[in-house]
Amino acid sequence: MAVTELAPLRPTGPPGIASTTAAAEIDLAAFRSNLAAIKQRIGACDLMVVVKAEGYGHGMLPCAWEARAAGARWLCVATPAEALALREAGDTGRVLAWLYGADEDLTPLVAADVDVSAQSTQQLSRLVAGAASAGRRARVHLKIDTGLSRNGAAMRDWPELCAAAAEAVRAGAVEVIGVWSHFAAADEPGHPSVPIQLAAFQRAYEQARAAGLEPVLRHLGNSAAALVVPEARFDLVRVGIAAYGIDPAPGIAALAGVQLRPVMTLRAQLANVKQIEPGAGVSYGWTWRAHERTVVGLVPLGYADGIPRHASDVGYVGWRGAQVSIRGRICMDQFVVELGPDADAAVGDEVILFGPGDEGEPTAEDWARWCGTIGYEIVTRLGVRVPRQYVGGSGGSSPRTDTVRGASPSAG
Ligand SMILES: Cc1ncc(COP(=O)(O)O)c(C=O)c1O
């Protein structure tokens with residue numbers, strides 16, 4: 001089921017609104033090296049690369065392509081639309097989709113050979129109907145709720161779901177490929193939920209077998225579990241955030257002895273530079289005032305682009321290797337940084353909002369800490385005005401990336 005060639009990418013954001021003064025550089029070589037490091041850590045266990053939510057903001061198709069090129073047999077998305085977008089782009093490998101509505105017609109997914117999760121007898125019936133109209137067996141992963149209380153069948157409903165699945169297998173409508181679940185706190189070493197969920201998962205798997213099912217895949221682990229909960233690896237782990245070079249939680253990658261490199265670097269060019277006088281208030285509400293004559297620069301990105309307003313007056317960005325503080329409130333399209341009393345700055349100077357930290361810039365995880373959130377949110381929330389520029393792609397027949405969200409042509 002290897003991908004041979006992907007069709008050229010279509011723009012995924014509204015056309016013509018890409019910023020000309022800011023861009024997120026996506027380092028596909030770093031992505032591949034993270035995948036290699038994770039693979040080494042998980043050994044014989046198979047790797048499913050999670051590319052939902054536009055590849056955590058990095059661009060779903062380029063990341064999917066690189067994951068396949070790096071040997072990933074499995075990709076994971078949330079929604080049917082995401083799975084079908086992969087298929088439309090030419091991907092023919094194994095894909096799992098798991099989040100859909102009560103009235104969703106699953107025929108297109110079955111027809112496109114997408115693996116689909118079912119967490120209830122209702123969902124299973126929809127899948128059986130999809131199989132009938134697609135004229136082929138549906139590939140299903142039965143989801144058990146082992147303690148997250150999000151999706152997945154409740155333990156009390158599991159025997160009924162397994163029995164219905166066994167019936168659907170006998171009728172030739174479905175093939176039960178996997179039994180799966182999701183952790184609540186694998187990123188907190190020693191958390192009591194981990195052994196509880198592991199035991200529940202094992203029980204659910206045994207019940208599925210007792211119902212006559214023969215799922216070949218058991219998968220429970222996310223990035224954190226893949227890295228630091230070896231007993232949760234089973235046959236497959238679903239890895240998202242670590243592939244993008246962000247620690248699932250501070251210290252997890254280090255605990256695993258795995259080096260991750262952030263894949264995304266967000267850069268912008270200063271749109272204004274000026275000297276302000278002592279006492280001058282900066283940005284809405286004058287939450288910060290200059291205590292001396294100083295030079296400020298205007299960064300042309302704001303909360304509409306995903307820059308969190310919670311970082312107002314808190315964070316910093318990188319400028320010429322220095323760390324320059326965010327002053328005043330982050331606005332919808334822009335914010336101000338203080339460059340210093342004697343700064344010799346110019347309009348057009350580059351600032352780095354976040355990246356791997358090589359040039360003194362903060363990381364996405366730093367922004368997360370400032371804002372009381374997680375690195376996941378910092379990268380996934382980047383808006384459609386921020387073009388993604390791809391570098392370090394594996395080349396060959398890799399797709400053109402210059403049309404992704406208006407990204408300008410790049411070295412990829
Ligand atoms: C069901 C499921 N599996 C796997 C993942 C990947 O998690 P992580 O990014 O922590 O690896 C997610 C992410 O939200 C998820 O919802």
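The values are calculated or read from the model by the stated rules, or taken from the named source; none is laboratory data. From a predicted model like this one, the values you see are computed outputs, not experimental measurements. Heads up, the Cβs are rebuilt from the backbone with ideal geometry, glycines too, and the neighbour counts pull from every protein chain shown. For the accessible areas, the whole protein counts, side chains as well, though only heavy atoms, and no ligand, DNA or RNA atoms are used. Shrake-Rupley method; radii C 1.70, N 1.55, O 1.52, S 1.80 Å.
Quick notes on this structure:
- Condition met for Pro195 (over 24 Å from Arg94 (Cβ atoms) and either within 16 Å of the ligand (Cβ to nearest atom) or part of a strand (DSSP E or B) (or both)): no
- Subset of the range 299-329 that is hydrophobic (A, V, I, L, M, F, W, C) and crowded, with 21+ Cβ neighbours inside 10 Å - its residue that is nearest to the chain's Cα centre (by Cα): Ile307
- Glu361 satisfies every condition listed in (1) open to solvent by 30 Å² or more (accessible area, probe 1.4 Å); (2) closer than 14 Å to Arg267 by Cα; (3) in contact with a Ser or Thr (Cβ under 9 Å, 6 or more places away or on another chain) except (1).
- Within the range 169-182, restricting attention to residues that are open to solvent by 10 Å² or more (accessible area, probe 1.4 Å) and touching a helix residue (DSSP H, G or I) at 6+ places or on another chain (Cβ under 9 Å), the residue that is farthest from Val140 (Cα to Cα) is His182.
- Pairs with Cβ under 7 Å, 6+ apart, first in the range 379-392 and closer than 12 Å to Thr265 by Cα, second outside any strand (DSSP E or B) and among the acidic types (Asp, Glu): Leu382/Asp305; Val386/Asp305
A quick yes/no check of all residues on (1) under 26 Å from the mean Cα position of the chain (by Cα); (2) closer than 30 Å to Val386 by Cα; (3) hydroxyl-bearing (Ser, Thr, Tyr):
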position: Gln202; (1), (2), (3): no, no, no
position: Arg209; (1), (2), (3): no, no, no
position: Phe234; (1), (2), (3): yes, no, no
position: Gly257; (1), (2), (3): yes, no, no
position: Val263; (1), (2), (3): yes, yes, no
position: Asn272; (1), (2), (3): no, yes, no
position: Ile276; (1), (2), (3): no, yes, no
position: Ala280; (1), (2), (3): no, no, no
position: Gly285; (1), (2), (3): no, yes, no
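- Among residues of the range 68-81, those that are buried (at least 19 other Cβ atoms within 10 Å of the Cβ) and within 13 Å of the ligand (Cβ to nearest atom), counted: 4
- When the criteria are applied in full, Val379 fails the requirement of being in a loop (DSSP other than H, G, I, E, B) and at pLDDT 95 or above.
- Candidate set: the range 201-253, residues that are assigned to a strand (DSSP E or B) and either away from the ligand (no atom under 13 Å from the Cβ) or of a type in the set (Phe, Trp, Tyr) (or both); chosen: the one least open to solvent (accessible area, probe 1.4 Å): Leu217
- Taken over the range 118-134, residues that are closer than 13 Å to Ala171 by Cα and surrounded by fewer than 19 Cβ atoms within 10 Å (Cβ to Cβ) amount to 3.
- In summary, Gly57 fulfils each of the numbered conditions (1) open to solvent by 30 Å² or more (accessible area, probe 1.4 Å); (2) within 15 Å of the ligand (Cβ to nearest atom); (3) within 21 Å of Ile241 (Cα to Cα) with the single exception of condition (1).
- Pairing residues of the range 66-81 that are acidic (Asp, Glu) with residues that are open to solvent by 10 Å² or more (accessible area, probe 1.4 Å) and not in a loop (DSSP other than H, G, I, E, B), at Cβ distances under 7 Å and at least 6 apart in sequence or on separate chains, gives Glu66/Arg32.
- Of all residues in the range 218-258, exactly one satisfies the criterion of being farther than 12 Å from Arg41 by Cα and in contact with a Cys (Cβ under 6 Å, 6 or more places away or on another chain), namely Arg238.
- Single condition Pro189 does not satisfy, out of (1) open to solvent by 10 Å² or more (accessible area, probe 1.4 Å); (2) more than 16 Å from the ligand (Cβ to nearest atom); (3) not in a strand (DSSP E or B): (2)
- Filter result (polar (S, T, N, Q) and touching a Lys or Arg at 6+ places or on another chain (Cβ under 7 Å)) within the range 33-59: Ser33, Asn34
- Candidates Ala165, Ala132, Ala89 - the one that is small (Gly, Ala, Ser) and either under 23 Å from Arg73 (Cα atoms) or under 21 Å from the mean Cα position of the chain (by Cα) (or both): Ala89
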